[in-house]
Amino acid sequence: MQNNKEFRNTVILSVTITCIAAIICAFLHLLCALIVLLAGTGALLCYVLYTKRRYREIEQLNNYLMRVCAGEYDLDVQDNTEGELSILKNNLYKIILLLRSQNAALQKEKTGLADSLADISHQLKTPLAALTVMTDLLKAETDAENREKFLRIIEAQTEKMNWLIVTLLKLSKLDAGTIELEEKAVSVASVAQKAAAPFLITADLRNITLDFSLLRDFTFTGDYNWSAEAIGNIVKNCLEHIEDGGKIVFSTEETNVYDMLCIADNGCGIPETELPHIFERFYHGEGAAENSVGIGLALSKTILAREHATIEAKSRVGEGTAFYIKFYKVIV
């Protein structure tokens with residue numbers, strides 16, 4: 001405060017005015033001059049004390065801001081008293097809370113990104129290692145049957161890597177918000193048929209029935225192609241957990257709040273301890289297929305969330321799993 005030019009000039013001006021007023025009053029009466037001098041001195045003293053307190057509070061706020069800039073967000077500067085500085089303190093406290101929340105979100109994102117990169121690296125490392133080994137064996141192999149076997153393995157690993165990379169790109173674009181999903185009326189029967197189409201040959205070869213007899217059509221607001229992608233990943237998951245000769249049933253239910261699509265299989269089921277984690281990225285349960293990378297259901301959940309829909313699963317070991325997708329009629 002001693003170096004504040006504005007404050008110093010104000011004090012000098014007040015002292016000057018007080019002295020001039022006292023001198024003028026001295027010509028009239030000495031008592032009058034004394035009263036003016038005492039009053040001016042008292043007023044100046046009150047001003048100095050009041051200003052000193054305000055500058056102390058401002059300095060305290062400045063120190064808080066410096067600590068916030070240094071990354072300290074656990075500060076409590078809220079003030080319930082009246083006045084401009086109290087309002088400033090409360091607004092500063094709100095900013096600190098906002099910054100604290102954003103910092104926590106950024107840290108969580110950073111940790112999530114690091115974990116995702118580690119998972120992606122691990123997922124790509126396995127097929128790459130298999131491709132390297134098979135390629136080396138293929139170079140030295142002269143038997144036509146073994147060469148054909150190695151080529152099939154290379155093809156399968158290449159397809160796995162291609163699917164993983166494409167799916168990860170889709171997830172990344174959805175997370176970054178660079179993909180705009182359409183908001184049109186979509187027929188659930190049509191989108192379910194489109195989602196199941198790529199798996200019809202596999203189902204036929206394995207004698208698996210895709211039953212649409214209980215599916216009653218309804219419309220929801222969403223993106224036709226991305227909805228088919230989400231449902232397709234669920235069908236793929238069902239096929240991975242079902243024995244040959246099994247059955248996948250598509251059914252619907254309508255309530256006043258939502259329309260629901262159910263996709264149920266009679267496969268091996270999912271243990272109760274694993275059920276809460278099946279929509280997490282790169283999660284592998286004990287019954288996961290050998291070629292599963294644990295990302296399909298995570299993509300489905302992300303897409304459906306963008307369409308304001310929810311998905312949950314219920315399962316019994318040895319009896320099968322049912323996926324329930326709820327499309328809400330009113331979005332709050």
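Brief remarks on what is shown
- The residues in the range 199-221 that are in contact with a helix residue (DSSP H, G or I) (Cβ under 9 Å, 6 or more places away or on another chain) and at pLDDT 90 or above can be counted, and the count is 13.
- Residue count for the range 245-270, restricted to those that are part of a loop (DSSP other than H, G, I, E, B), surrounded by fewer than 22 Cβ atoms within 10 Å (Cβ to Cβ) and in contact (Cβ under 8 Å) with a residue 12 or more places away in the chain: 7
- Close pairs from the range 145-166: first basic (Lys, Arg), partner assigned to a helix (DSSP H, G or I), Cβ under 6 Å, at least 6 apart: 160/127
- Test: residue in the range 38-46 that is touching a helix residue (DSSP H, G or I) at 6+ places or on another chain (Cβ under 8 Å) and under 22 Å from residue 84 (Cβ atoms): yes
- Residue check for residue 155: assigned to a helix (DSSP H, G or I) and loosely packed, with under 11 Cβ neighbours inside 10 Å: no
- Taking every residue in the range 304-329 that is under 18 Å from residue 232 (Cβ atoms) and pairing it with any residue that is hydrophobic (A, V, I, L, M, F, W, C) and assigned to a helix (DSSP H, G or I), at least 6 positions away or on another chain, the pairs with Cβ-Cβ distances below 6 Å are 304/230; 311/304; 323/234.
- Conditions (1) more than 37 Å from the chain's Cα centre (by Cα); (2) modelled with pLDDT of 75 or more; (3) not small (Gly, Ala, Ser); number of the one not met by residue 63: (1)
Yes/no matrix, rows are residues, columns are (1) in the same structural domain as residue 247 (by TED's automatic domain parsing); (2) modelled with pLDDT of 90 or more; (3) more than 20 Å from residue 196 (Cα to Cα); (4) assigned to a loop (DSSP other than H, G, I, E, B):
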position	(1), (2), (3), (4)
272	yes, no, yes, yes
282	yes, no, yes, yes
292	yes, no, no, yes
299	yes, no, no, no
304	yes, yes, no, no
312	yes, yes, no, no
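- Among the residues of the range 138-168, those that are touching a helix residue (DSSP H, G or I) at 6+ places or on another chain (Cβ under 9 Å), closer than 18 Å to residue 125 by Cβ and polar (S, T, N, Q) comprise 157, 158, 167.
- Failed criterion for residue 320 (all others in (1) in contact with a Phe, Trp or Tyr (Cβ under 8 Å, 6 or more places away or on another chain); (2) modelled with pLDDT of 90 or more; (3) farther than 30 Å from residue 172 by Cβ hold): (1)
Per-residue answers, yes or no, for (1) among the basic types (Lys, Arg); (2) modelled with pLDDT under 75; (3) in contact with a Phe, Trp or Tyr (Cβ under 8 Å, 6 or more places away or on another chain); (4) assigned to a helix (DSSP H, G or I):
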site	(1), (2), (3), (4)
52	yes, no, no, yes
68	no, yes, no, yes
77	no, yes, yes, no
81	no, yes, no, no
89	yes, yes, no, yes
103	no, no, yes, yes
108	yes, no, no, yes
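- Residue 202 vs. criteria of a type in the set (Val, Ile, Thr), over 27 Å from the mean Cα position of the chain (by Cα) and surrounded by fewer than 20 Cβ atoms within 10 Å (Cβ to Cβ): yes
- Which listed residue, of 130, 189, 196, is crowded, with 16+ Cβ neighbours inside 10 Å, of a type outside the set (Val, Ile, Thr) and in contact with a strand residue (DSSP E or B) (Cβ under 6 Å, 6 or more places away or on another chain): 196
- The range 206-230: number of residues that are among the charged types (D, E, K, R) and crowded, with 17+ Cβ neighbours inside 10 Å: 2
The values are calculated or read from the model by the stated rules, or taken from the named source; none is laboratory data. Computed from a prediction, not measured in an experiment: that's the story for all the values here. Positions of Cβ are generated from backbone atoms using ideal geometry, with glycine treated the same way; all protein chains shown enter the neighbour counts.
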